[in-house]
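The values are calculated or read from the model by the stated rules, or taken from the named source; none is laboratory data. Computed from a predicted structure; not experimentally measured. In this analysis, Cβ positions are derived from the backbone assuming ideal geometry, glycine residues included, and neighbour counts consider all displayed protein chains. Just so you know, the surface numbers come from the protein's heavy atoms only, side chains and all, with ligands and any DNA or RNA stripped out. Shrake-Rupley method; radii C 1.70, N 1.55, O 1.52, S 1.80 Å.
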Amino acid sequence: MNDTSNAARVRTQLETAQIDIEGRLRGAVDPQEREALELTLRQINAAIDSNNQADLLTAATDVAHAIDALNNALSKSRPPFDTFVDSLMMDSRDLASAVAQMQGVDRLPPAVIATTTTPAIVASAGTLPKTINSRKFNDLKAEYDTLFNTCTADKARRSNIDFYVNRLRQHKQIYATLGAELDIPWYFIGIVHGMEGGFDFSTHLHNGDPLTARTKQVPMGRPVAGNPPFTWIESARDALQMKKLDQIGLVNWSIAFVLYTLEAYNGFGYRRYGIPSPYLWSFSNLYVKGKFVADGKFDPQAVSRQCGAAVVLHEMQKSNLLA
């Protein structure tokens, strides 16, 4: 789905939510409920304006704020409920799915090198570090530590980075429940969910396919056990166990190993071109340009518009959110 069709779909869903809120507001008596409804209308109107004028990532962030306001209005609802609660819950789910698709437009394709005889080029420039062309953790550990310690978030992308951090905080309990079961840090699960699925809990963690059926895309036919529709936990458990991430042991998940496993999720193809992977370092001082624009196709001038996973992790550590 392209930017234009995304914008049209989101505007329709925002306007539907706007009508639902306005209808409820006309009959609301409770002061706290009225205050929540009025705040929600302001957030929805801001999201509509942003959707018309801003870039896709900024619009997605504003829509996410509108979703938060919708959920707050739900929590402040007072009888009579009639069909309002069901309508608002549907509005919230539809918008959450739309935000995931908005985020997905800029999702980086797998960084996999196509079979070719063309020599790799080095896209690094200026003072950017040249990365090691290896896939072995022991070779890369020191590099990950160095880059993480020198990472600085791009101030111009603050709202986009905050979108990821806030969603991780909001859904921590879900990730922590699964993480405790599998001995995997909750924030690793959450970051993968954000990077690969836009925090949409109606899709498989494997590849973003709907939970209403087994996966259709690679990896196909997952989960093998059970019957659809699957819960997000059931699917995410299968995705992580399929990669044997539950066999590592919580004590071994250092920052460097988290970064290594995140890069492996997207692929090590950027190392052939000597640049830090945008899947990790986009929106920071460690990335300028160069990205895979399709499977096996690298463009040295293309610039990633997806927030880097390491940048999110770095901001969470700075805010003491990794516990």
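The table below lists the values:
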item: Filter result for the condition that a residue is farther than 17 Å from Asp94 by Cα and of a type in the set (Asp, Glu), over Asp20, Asp68, Asp49, Asp62; result: Asp49
item: Residue in region 201-208 that is touching a Ser or Thr at 6+ places or on another chain (Cβ under 6 Å), buried (at least 20 other Cβ atoms within 10 Å of the Cβ) and modelled with pLDDT under 90 present; result: no
item: Which listed residue, of Leu178, Leu147, Leu205, is in contact with a Phe, Trp or Tyr (Cβ under 8 Å, 6 or more places away or on another chain) and in a loop (DSSP other than H, G, I, E, B); result: Leu205
item: Any hit, region 210-222, residues being surrounded by 22 or more Cβ atoms within 10 Å (Cβ to Cβ) and over 20 Å from Asp62 (Cβ atoms); result: yes
item: Matching option when the condition is touching a residue at least 60 places away in the same chain (Cβ under 8 Å) and among the charged types (D, E, K, R), among Asp238, Asp295, Asp299; result: Asp295
item: Region 1-27, subset among the hydroxyl-bearing types (Ser, Thr, Tyr) and modelled with pLDDT of 85 or more, residue most open to solvent (accessible area, probe 1.4 Å); result: Thr12
item: Some residue of region 259-277 being open to solvent by less than 20 Å² (accessible area, probe 1.4 Å), more than 20 Å from Gly197 (Cβ to Cβ) and within 18 Å of the chain's Cα centre (by Cα); result: no
item: Criterion (out of contact with any helix residue (DSSP H, G or I) (no Cβ under 7 Å at 6 or more places or on another chain), modelled with pLDDT of 80 or more and surrounded by fewer than 22 Cβ atoms within 10 Å (Cβ to Cβ)) met by exactly one of Asp30, Asp82, Asp55, Asp86; result: Asp30
item: Filter result for Glu38 (of a type outside the set (A, V, I, L, M), in a helix (DSSP H, G or I) and open to solvent by less than 60 Å² (accessible area, probe 1.4 Å)); result: no
